[in-house]
1. For the subset of segment 123-133 comprising residues that are part of a helix (DSSP H, G or I) and in contact with a Cys (Cβ under 9 Å, 6 or more places away or on another chain), which member is surrounded by the most Cβ atoms within 10 Å (Cβ to Cβ)?
2. Report, by residue number, each residue of segment 20-36 that is open to solvent by 60 Å² or more (accessible area, probe 1.4 Å) and either part of a helix (DSSP H, G or I) or at pLDDT below 95 (or both).
3. Go through segment 165-202 and report how many residues are in contact with a strand residue (DSSP E or B) (Cβ under 9 Å, 6 or more places away or on another chain), assigned to a loop (DSSP other than H, G, I, E, B), open to solvent by 40 Å² or more (accessible area, probe 1.4 Å) and of a type in the set (A, V, I, L, M, F, W, C).
4. From the list R97, R76, R67, exactly one residue is among the basic types (K, R) and touching a residue at least 40 places away in the same chain (Cβ under 8 Å). Which is it?
5. Out of the residues in segment 123-159 that are hydroxyl-bearing (S, T, Y) and within 29 Å of G78 (Cα to Cα), state the one that is nearest to the chain's Cα centre (by Cα).
6. When you scan segment 78-92, do you find a residue that is outside any loop (DSSP other than H, G, I, E, B), out of contact with any strand residue (DSSP E or B) (no Cβ under 9 Å at 6 or more places or on another chain) and closer than 29 Å to Q3 by Cβ, even just one?
7. Can you tell me which residue is farthest from the chain's Cα centre (by Cα) among those in segment 107-122 that are surrounded by 15 or more Cβ atoms within 10 Å (Cβ to Cβ) and over 17 Å from P89 (Cβ atoms)?
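The values are calculated or read from the model by the stated rules, or taken from the named source; none is laboratory data. On a predicted model such as this, the values are computed, not experimentally measured, just so you know. Neighbour counts run over all protein chains shown; Cβ positions are idealised from the backbone, glycine included. SASA here: full protein model, heavy atoms, side chains in, ligands and nucleic acids out. Shrake-Rupley method; radii C 1.70, N 1.55, O 1.52, S 1.80 Å.
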Amino acid sequence: MTQAQFLFDFGSPNAYLSHKIIPQIEARTGVRFAYQPVLLGGLFKLANNRSPVEAYAEIPLKLAYERMEMQRFIARHGLTAFRSNTHFPVNTLQIMRGAVAAQRLGCFERYVDTVYACMWERSCNMADPAVIAAELSAAGLDAQALIATSQDAEVKQQLLANTQEAHGRGAFGSPTFFVGTQMFFGKDKLRDVEDEILAQNV
């Protein structure tokens, strides 16, 4: 079956919202999404892109529309746990390295669910090493092993390689999805992602 990929950084609220919807698409299509951690700041630099907050800073009506569109999506899908992070924007370097470490340590799904909840449900400062350690431990994860592994040179290089590969495939932000070679950007394209999965797996 054609593989579906989700390129994500914990710093994107729209990636969090996508993460909450992906299980529904998996259940309907029978296709599991492969999650690929990327560093959004690095991807922005490679693609000469900026976050919406920066890009639309002088277009207040555009920012207002973006907020309204997000609220519509939240209401449509009943994502009532979502909360804006009061520390936003958060430097996600450590937790994204942690995601790669979690892949190696066999606790990736739990790690992703935990960090997303910390970021976008409980408004934790996930740039603070002490907060990261405490939250991972509270979730029953081996914080010491995850943090230690996240500092491995190979883990750091893997995150950079993921980010470079994403840019090479045409990605410029998160959430980005690939279904085979077809790329889709943004949570509002999830319906198109699902349609493409079904079309490619007829």
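1. Filtering segment 123-133 for residues that are part of a helix (DSSP H, G or I) and in contact with a Cys (Cβ under 9 Å, 6 or more places away or on another chain), the one surrounded by the most Cβ atoms within 10 Å (Cβ to Cβ) comes out as I132.
2. K20, P23, Q24, A27, R28
3. Of the residues in segment 165-202, 1 are in contact with a strand residue (DSSP E or B) (Cβ under 9 Å, 6 or more places away or on another chain), assigned to a loop (DSSP other than H, G, I, E, B), open to solvent by 40 Å² or more (accessible area, probe 1.4 Å) and of a type in the set (A, V, I, L, M, F, W, C).
4. Just one listed residue meets the conditions, R97.
5. S123
6. No, every residue in segment 78-92 fails to be outside any loop (DSSP other than H, G, I, E, B), out of contact with any strand residue (DSSP E or B) (no Cβ under 9 Å at 6 or more places or on another chain) and closer than 29 Å to Q3 by Cβ.
7. That would be C107.
Rundown of residues vs (1) of a type in the set (A, V, I, L, M); (2) open to solvent by less than 40 Å² (accessible area, probe 1.4 Å), yes/no style:
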residue: E58; (1), (2): no, no
residue: K62; (1), (2): no, no
residue: R76; (1), (2): no, no
residue: A81; (1), (2): yes, no
residue: H87; (1), (2): no, no
residue: T92; (1), (2): no, yes
residue: Q103; (1), (2): no, no
